[in-house]
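Notes to accompany the following structure.
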Amino acid sequence: MPRQSPGQLDPATRQALVERVRFYRDLGLTEFYRRPVDPALLVSEPIRAEHEGAQPALFQPAPLKEDQPIPPRTPISTPPQISAATPSADRAAALQLIREDIGDCTRCALHKGRHTIVFGDGSPTARLMFVGEGPGADEDAQGIPFVGRAGQLLNNMIAAMGLKREEVYIANVVKCRPPGNRTPEPVEANTCSPFLFRQIDVVRPQVLVALGATAATYLLGQRQPLAGLRGRVHAFRGTQLVVTYHPAFLLRDPRQKKEAWADLQIAMKELGLKPPAKG
Ligand code: SF4
């Protein structure tokens with residue numbers, strides 16, 4: 001297929017390329033592409049203005065409320081039929097059973113405003129799993145986690161780790177979109193998160209990355225500022241858990257991308273992945 005110049009690309013592809021080049025540049029990676037990158041893709045001011053001017057309202061991790069206790073979670077047992085050697089097809093079937101258990105769920109109030117239950121996406125045998133907070137508008141419409149702008153950034157983060165999106169598994173603490181992208185209430189997160197734990201037990205990832213404070217809080221069962229949880233590996237349900245910023249937060253504050261990249265490199269080390277060469 002003949003190579004297209006940036007001017008020949010459709011707007012969506014061009015925007016995706018701009019996002020990816022910007023992400024690598026923010027990380028200090030300039031030698032990631034084999035071919036030289038067209039300077040026009042290194043974020044011209046008109047593109048930046050268009051991009052930032054069009055930024056939709058994104059959720060911001062809510063400040064942690066010290067006086068709001070986390071209700072006890074429903075204990076979930078590890079399915080005995082899933083082992084490290086369980087093949088992909090069996091795990092896919094186990095995930096499908098969880099989805100069937102969820103059904104047309106009305107277990108918490110979030111069902112009232114949703115269009116689609118966003119179950120999860122990716123490889124049932126992924127070595128790396130990402131957990132976010134909950135679906136946004138794009139995810140609610142498409143039924144797939146992380147497909148909006150934050151999803152594009154997550155895709156770039158995954159690619160920078162040397163992986164493809166289809167090689168990882170992605171899910172959220174709650175499977176229905178909170179109204180206005182607000183943070184899920186504790187009762188909502190605790191009602192829904194047992195399904196997430198079952199997904200984790202089926203996929204059995206080697207490394208789990210919690211994206212943002214809500215995911216970290218409900219995975220670890222402790223409410224702490226993100227700063228106290230980042231930068232180290234936590235043991236969780238037989239996996240190594242790493243905490244980093246939510247991509248939506250990184251869109252709002254791109255200066256934190258380097259910090260997020262440092263977190264991802266902790267995950268890469270656990271997975272035995274080598275970071276790409278620095279420029
Ligand atoms: Fe059910 Fe989870 Fe949706 Fe609540 S968020 S209605 S528990 S699927």
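Please give the FRET efficiency for ASP90 paired with HIS115, using the beta carbon to beta carbon distance and R0 = 25 Å, rounded to the nearest 0.05. The formula returns an efficiency of 0.20 here.
Using C-alpha pairs under 8 Å with a sequence gap of at least 6, the mean separation divided by the residue count of region 65-271 gives a relative contact order of 24 percent. Using the Cβ-Cβ distance between SER83 and ALA137 with R0 set to 25 Å, the FRET efficiency works out to roughly 0.05. For region 179-246, with all protein chains in place and a probe radius of 1.4 Å, 50% of the accessible heavy-atom surface sits on carbon or sulfur. Annotation: peptides 191-201, 88-98, ranked by per-residue average of other Cβ atoms within 10 Å with the highest first, follow the order 191-201, 88-98. Once the C-beta distance of LEU97 and LYS258 is scaled by a Förster radius of 30 Å, the resulting FRET efficiency is 0.15 to the nearest 0.05.
In the full protein context, region 182-279 carries 38 Å² of accessible surface per residue, based on a 1.4 Å probe and ignoring ligands, DNA and RNA. Here the Karplus curve 6.51 cos²θ - 1.76 cosθ + 1.60, taken at θ = phi - 60°, turns the phi angles of region 197-202 into couplings of 4, 5, 4, 4, 5, 7 Hz, with x standing for Gly and Pro.
Taking a Cβ cut-off of under 12 Å around LEU211, the surrounding Lys, Arg, Asp and Glu residues balance to a net charge of -1, with basic ones at +1 and acidic ones at -1.
Between VAL187 and LYS269, the modelled label-to-label distance comes to 4.3 nm, taking each label 7 Å out from Cα in the direction of the beta carbon.
The values are calculated or read from the model by the stated rules, or taken from the named source; none is laboratory data. This is a predicted model, so every value here is computed, not measured. Glycine also receives a Cβ, built like all others from the backbone with ideal geometry; neighbour counts cover every protein chain displayed. Just the protein is used for accessible areas: all its heavy atoms, side chains included, with ligands, DNA and RNA removed. Shrake-Rupley method; radii C 1.70, N 1.55, O 1.52, S 1.80 Å.
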